[in-house]
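Okay, so here's the structure we're looking at.
The values are calculated or read from the model by the stated rules, or taken from the named source; none is laboratory data. Keep in mind the model is a prediction, meaning the values are calculated, not measured. In this analysis, Cβ positions are derived from the backbone assuming ideal geometry, glycine residues included, and neighbour counts consider all displayed protein chains. For the accessible areas, the whole protein counts, side chains as well, though only heavy atoms, and no ligand, DNA or RNA atoms are used. Shrake-Rupley method; radii C 1.70, N 1.55, O 1.52, S 1.80 Å.
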Amino acid sequence: MTRPPLYTRRPFLAGLLRQLPLFAVLVVVAVGLSMVALEHWRRGLLVVGLALVGAALLRLVLPLRRVGFLAVRSRPVDVVLVGGAGVALTVLVLTVPGD
């Protein structure tokens with residue numbers, strides 16, 4: 001006898017597992033913002049920008065049933081907007097003159 005899928009046996013756990021990509025991105029953004037709060041603004045904003053690029057890559061690679069709340073719009077729109085914001089922030093941080 002085959003076991004039913006996880007979303008029918010434990011829907012709450014399946015829902016949490018589905019949000020792991022978003023949770024990972026939020027943890028990296030929180031680390032970057034804490035670096036900004038500790039006066040390492042350049043490195044912190046670089047981490048935030050790279051987290052946005054990572055979110056765009058996750059949205060591009062993961063199937064819809066695994067991406068969770070990273071899927072807001074259609075896949076191309078999400079990837080272009082989030083990836084563009086991440087690349088823009090990263091480029092901006094790298095081009096601003098140092099202290």
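Normalising by the residue count of the chain, find the relative contact order in percent from Cα pairs under 8 Å and 6+ residues apart. Let's see the in-between values first.
Values: 106 pairs, mean separation 27.2, N = 99.
Result for the chain is 28 percent.
Can you tell which of L13, L60, L52 shows the greatest fluctuation in a Gaussian network model of the chain with Cα springs below 10 Å?
L13
Roughly what would the spin-label model give for L26 and R73, points 7 Å off Cα along C-beta, in nm?
Taking the two extended label points, one gets 2.2 nm.
Compute, for R43, the solvent-accessible surface of its heavy atoms (probe 1.4 Å) with the complete set of protein chains present, and express it in square angstrom to the nearest 10.
Near enough 140 Å² of accessible area.
Hey, can you find the accessible area per residue of the chain for me, probe 1.4 Å, expressed in square angstrom? Numbers along the way, then the final one.
Values: 6960 Å² over 99 residues.
That works out to 70 Å² for each residue.
Accessible area of L70, 1.4 Å probe, to the nearest 10 Å²?
Looks like 30 Å² after rounding.
Given the protein chains as shown and a 1.4 Å probe, how many square angstrom of L33 are accessible, to the nearest 10?
Here the residue's solvent-accessible area equals roughly 100 Å².
Convert each backbone phi in the range 83-98 into a coupling constant with the Karplus relation 6.51 cos²θ - 1.76 cosθ + 1.60 (shift: θ = phi - 60°), then list the ³J(HN,Hα) values in order as whole Hz, x for Gly and Pro.
The phi angles translate into x, x, 5, x, 5, 4, 5, 5, 5, 4, 5, 6, 9, 5, x, x Hz.
Per the 1.4 Å probe, what fraction of the accessible area of the chain, in percent, lies on carbon and sulfur atoms?
Summing carbon and sulfur atoms, their accessible area is 74 percent of the total for the chain.
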